[in-house]
Amino acid sequence: MVKIETLNTIPIGRLVNLSLPCPCGQTHTVETRDIAFGEGALETLPALVEAYAGPGARVFIAAGADTVSVCGGNARKILAARNFKADMLVYESGQPPTRQNADRILNAPEDTRVLIGAGGGAVCDMVKYAAYKLKLPCIMVAADFSDSFLSPFSMIGNAGFKEIYVTVAPAALVMDVNLLQYAGEAVVGSGFGALAAKPVALSDWYISHVVTGEGYCPAIAELALCASELAAAPFKRGAGAKARAAELAELSVRSSVLTQLLKNSRLVNGGETHLAHALEMLCAAQNRTRRLYGENLFLAAAFLSKVYLKFFSESEKGFCPPPDLNLRGERIAARFGVGEAEAMSRVKPYPEADKFEVTRHKYAEYRADFLSLAKRAAARVAEAHTIFKRLYADAGYWIKSCYSAEDYGLCMSLAPDIREKYTVLRHMRDEGLLDRYLLGSG
Ligand SMILES: [Zn+2]
């Protein structure tokens, strides 16, 4: 029987149909039935479709335009050659994963038996969303290094905000390294960035566990941290494009399996994710160039790991007035271009006085513990940052030019109000430490 501690080392094809009793008291499960991984894995697609839907079944492929020539188009060709009826919807370049866009998949022909997401994480999130609504099995054919392919939820935009919807665990994942070896620097940077940003998400998870009593699994946290650290290895030793793609792809799949084991979004839902979402909203509202999701995640982690370190390093914060909730709602509406009522409805109420005192005591009691966690996270992210910069031909120039200090300040300040999960930023907000970034940003 597979043991949870061995998940980072057992062959990737065995990370399916798992039921793992864990020292945390839970039994973690993986429902995904097949993972086809490696060079030429795409050739296994017809056999998978046949296993789930029978020979000659009708399938519906949702594909991303950027990768359709290597991924979606090839998937369709291979299926057609084996007499499957394959309809295809191609999302134009840069189409965000919104509910409106995801709903286009719901128009698939009625006799469709399997949905296929052929593209990056965003396309596949929409396919999982549609598969859940249509009650159909879905197969992911990966065209980037997203670590969300196997997660049982989807990040989908709604009314200008990004939400996490509980959807379905895909029946199968096909990750063909041949499709990934020519990925450009941004796609590689995004894949590496998403993995390398994890220490911040893991800090938030642990702190939320201590402060709010949120469930925590040390075994999964350890595996996620390990996958995050291993992501640097091919870059450190200067591996060639193909070996690098294979290693990064494998770690992304392993990380993705962990989100399915956990059955909640905590591994992809720390302060760095909330800040990345705020940066995306800012770029959308101002028609600025949008970076890939994993790129934003890493930039957010690099910024936030320093903020957390500073926060836990200072014992005396001095007096700050509590957060101005109306001002926060106004800024969300004005700077992110969303409706004012919608913005106000997102702003969290100020915590009740006695509950907040308990929270404060927790932060004081565990400060040394949290500080050492923040130190470790900041050191890991700083090391990854040098690799991240080196990945780009312009030696990280765009990283500096991408967001200003004001952008980071504004987005960090509003991040705890645009998403639900508890993070250290929520506490900083309640302490009144974030409002100063809003003043003068009207
Ligand atoms: Zn566990």
Self-check item: Answer from GLY270, GLY238 - the residue that is within 13 Å of ALA194 (Cβ to Cβ) and of a type in the set (Gly, Ala, Ser)
Solution: GLY270
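Kindly evaluate TYR408 against the criterion of being in the same structural domain as TYR308 (by TED's automatic domain parsing), outside any helix (DSSP H, G or I) and crowded, with 17+ Cβ neighbours inside 10 Å. If you could, list the steps in order and put the result at the bottom.
Working: in the same structural domain as TYR308 (by TED's automatic domain parsing): yes; outside any helix (DSSP H, G or I): no; crowded, with 17+ Cβ neighbours inside 10 Å: yes.
So TYR408 does not fit the description; no.
Output yes when any residue across segment 59-70 is more than 16 Å from the ligand (Cβ to nearest atom), hydroxyl-bearing (Ser, Thr, Tyr), in a helix (DSSP H, G or I) and modelled with pLDDT of 95 or more, and no when none is.
As a first pass, look at segment 59-70 and keep what is more than 16 Å from the ligand (Cβ to nearest atom): 59-70.
Still in the running and hydroxyl-bearing (Ser, Thr, Tyr): 67, 69.
Still in the list and also in a helix (DSSP H, G or I): 67.
When the remaining residues are screened for being modelled with pLDDT of 95 or more, the result is none.
No, segment 59-70 contains no residue that is more than 16 Å from the ligand (Cβ to nearest atom), hydroxyl-bearing (Ser, Thr, Tyr), in a helix (DSSP H, G or I) and modelled with pLDDT of 95 or more.
If you take the residues in segment 223-278 that are of a type in the set (Lys, Arg) and surrounded by 20 or more Cβ atoms within 10 Å (Cβ to Cβ), which one is nearest to LEU304 (Cα to Cα)? Give the derivation first.
Here is the first cut: in segment 223-278, the ones of a type in the set (Lys, Arg) are 236-237, 242, 244, 254, 263, 266.
Then keep just the ones that are surrounded by 20 or more Cβ atoms within 10 Å (Cβ to Cβ); that gives 244, 254, 266.
Working: ARG244: 27, ARG254: 25, ARG266: 17 Å.
If we take residues in segment 223-278 being of a type in the set (Lys, Arg) and surrounded by 20 or more Cβ atoms within 10 Å (Cβ to Cβ), then ARG266 is nearest to LEU304 (Cα to Cα).
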Exercise. Report whether or not TYR392 is farther than 26 Å from PHE192 by Cβ, out of contact with any Leu (no Cβ under 9 Å at 6 or more places or on another chain) and surrounded by 15 or more Cβ atoms within 10 Å (Cβ to Cβ).
Key: no
Quiz prompt | Residue satisfying all of: in segment 1-42; out of contact with any strand residue (DSSP E or B) (no Cβ under 7 Å at 6 or more places or on another chain) and free of Cβ contacts under 8 Å to residues at least 24 places away in the same chain; farthest from the ligand (Cβ to nearest atom) among these | solution = PRO11
Quiz item: In segment 10-48, what residues are part of a helix (DSSP H, G or I) and within 23 Å of PHE145 (Cα to Cα)?
Solution: ILE12, GLY13, ARG14, ALA41, LEU42, GLU43, THR44, LEU45, PRO46, LEU48
Exercise. Kindly indicate whether any position in segment 189-209 is surrounded by fewer than 23 Cβ atoms within 10 Å (Cβ to Cβ), away from the ligand (no atom under 16 Å from the Cβ), not assigned by TED's automatic domain parsing to the domain that holds ALA169 and not hydroxyl-bearing (Ser, Thr, Tyr).
Key: no
Exercise. Inspect segment 4-12 for any residue being within 20 Å of ARG254 (Cα to Cα) and in contact with a Cys (Cβ under 8 Å, 6 or more places away or on another chain) and give the result as yes or no.
Key: yes
Practice problem: Show the residue pairs that are 6+ apart or on different chains and have beta-carbon atoms under 6 Å apart, the first residue being within segment 167-192 and without any contact (Cβ under 8 Å) to a residue 60 or more places away in the chain, the second being buried (at least 24 other Cβ atoms within 10 Å of the Cβ) and not charged (D, E, K, R). | Solution: THR167/TYR129; THR167/PHE153; THR167/SER154; VAL168/ALA131
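The values are calculated or read from the model by the stated rules, or taken from the named source; none is laboratory data. What you are looking at is a predicted structure, and each value in this text was computed from that prediction instead of being measured. We place every Cβ from the backbone using ideal geometry, glycine too, and count neighbours over all the protein chains shown.
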